[in-house]
Amino acid sequence: MTSGTFTAWKFENTKRPVEALTIIAVDYGKVKCGYAVGTLFVAESGTVSKKELFEKIKAHDKVILGLPLSMSGNYSSQTFEVLQFGLKLLDLGKEVYLVDERLTTKMAKTYGKIDDDRFSAEQLLLTFIQNPATGTKFSKKTTECELDKGVCKLENNQTLIVFEVPIDEKLGPLLRVDSKDAAAVGFSRDPYTAYTMFKNGLFVLRVWDDLLSWVEKKKIESRQFCIIINVDFGHFLSDILELLMQENIQIRTIFCKTKDACS
């Protein structure tokens, strides 16, 4: 009797549409989007318009998006278009993973499939299925900073450096990134954090050496620096401070704690 009860319970809790158990990978293009569906292999693939894409996705719980990056590894305008789309999927309750498109671009070149959205989506799906670690889970984050109101307002040629801290509706207005006399750069390898920086007007970098080069150039024209940094990445602070340790440069450092937002 116990065994029979257990069997019935298991059946009822796994009775879901087949589509919900499969993964859909999307190569998000400017006009058309490639898609591929499957679990162990590609069961279906094709191209659809952006208008048709949501209809194609809605039956699936897990979505893999190709993340376009420059060959150097930095973000581009297309990166943030994809992340904006990813946020819409999160709001719909989807589980979203991002896979570096450079992994599939090499494959496309090998097979002469450049600009083939369908092929790219198939490769995204297969890449993730074969090695889920290639996917970065896309999730919203919140932050708490030891920030005194007005301390980091960007004026009087002050330069802002934000390191792995998402800029939310509380932090953004305090920074005044739109000040014409200020410069602001953000560094993050987390896609959601990078997107919030971009939306708040920061120039966003993903490659560490490029950030150091930016700071090296900026210190020539700026005498005041405000550094807002995630405490979990505090060990990187010394490299930045070393660049700025010279006469007449004022540095204000603010530490923040970041965590995943509640779903």
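Where a number appears in this text, it was derived from the coordinates with a stated rule and is not lab data. Predicted, not measured: the structure shown is a model, and the values here were computed from it.
At-a-glance table
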| read-out | value |
| --- | --- |
| Distant-in-sequence amide H partners of Ala43 (H built 1.01 Å from N, under 5 Å) | Val37, Gly38 |
| Members of Lys30/Lys58; Lys50/Lys217; Lys50/Lys141 lying beyond 30 Å, as alpha-carbon distances in this model show | Lys50/Lys217 |
| Long-range HN-HN contacts of Thr22 with modeled amide H, under 5 Å | Asp61 |
| Tail fraction, Cα-Cα pairs, the range 35-108, threshold 22 Å, whole percent | 25 |
| Long-range amide H partners of Ala261 with built H, under 5 Å | Lys140, Lys141, Thr142 |
